[in-house]
1. Note down all Cβ pairs under 7 Å where the first residue falls in segment 107-124 and is more than 18 Å from VAL83 (Cβ to Cβ) and acidic (Asp, Glu), the second is at pLDDT 80 or above and not in a helix (DSSP H, G or I), and they're at least six residues apart or on different chains.
2. Go through (1) buried (at least 19 other Cβ atoms within 10 Å of the Cβ); (2) hydrophobic (A, V, I, L, M, F, W, C); (3) over 24 Å from ALA109 (Cα atoms) one by one and return the number of the condition ALA59 breaks.
3. Could you check segment 1-51 and list, in sequence order, the residues that are small (Gly, Ala, Ser) and either more than 15 Å from the ligand (Cβ to nearest atom) or crowded, with 18+ Cβ neighbours inside 10 Å (or both)?
4. Where the second residue is at pLDDT 95 or above and exposed (fewer than 14 other Cβ atoms within 10 Å of the Cβ) and the first is assigned to a helix (DSSP H, G or I) and lies in segment 16-28, which pairs have Cβ atoms under 6 Å and are six or more apart or on separate chains?
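The values are calculated or read from the model by the stated rules, or taken from the named source; none is laboratory data. Being a predicted model, the structure only gives us computed values, none of them experimental. Note: ideal-geometry Cβ built from the backbone for every residue, glycine included; neighbour counts use all protein chains shown.
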Amino acid sequence: MPRSLSEIASFHAHVYYDPQTRGEAERLRAWIGERFSVTLGRWHDAKIGPHDQAMFQVAFVVDVFPALVPWLMLNHGALSILVHPNTANPHRDHTANPLWIGRPLAVHAEILPEEGAVDSTLLPNTNPVKPA
Ligand code: ZN
């Protein structure tokens, strides 16, 4: 049996940057916030979790995918972006099932559980960051 789309609770896009591309990441983040109904996560200027580079997270519901992801394909510039589903298996979400926009980076998925709570970062008013 194939897996069902109903497994996907939401998506994340992780936008990676380094000191040279942080300005570009700031611009992209502002553009996203102006155009899409998403939850913008905090800036992580140091590596965190399975991520191999500084990044910020964009969390969004399934219905936003067909507008946001092609838009990111056209507008990511020099930035690498990891788009992954959020199911009950965070390890698989980040290893077998993601897609990359731009240059793929390492993902240190060994720290991710095979089973976990479905991501809850889409709860209302989580990180209600809007560009100034
Ligand atoms: Zn994520």
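1. GLU114/ASN89; GLU115/ALA88; GLU115/ASN89
2. ALA59 satisfies every listed condition except (3).
3. Residues of segment 1-51 that are small (Gly, Ala, Ser), as a first pass: 4, 6, 9-10, 13, 23, 25, 30, 33, 37, 41, 46, 49.
Hits for segment 1-51 are SER4, SER6, SER10, ALA13, GLY23, ALA25, ALA30, GLY33, SER37, GLY41, ALA46.
4. What qualifies is GLU24/GLY77.
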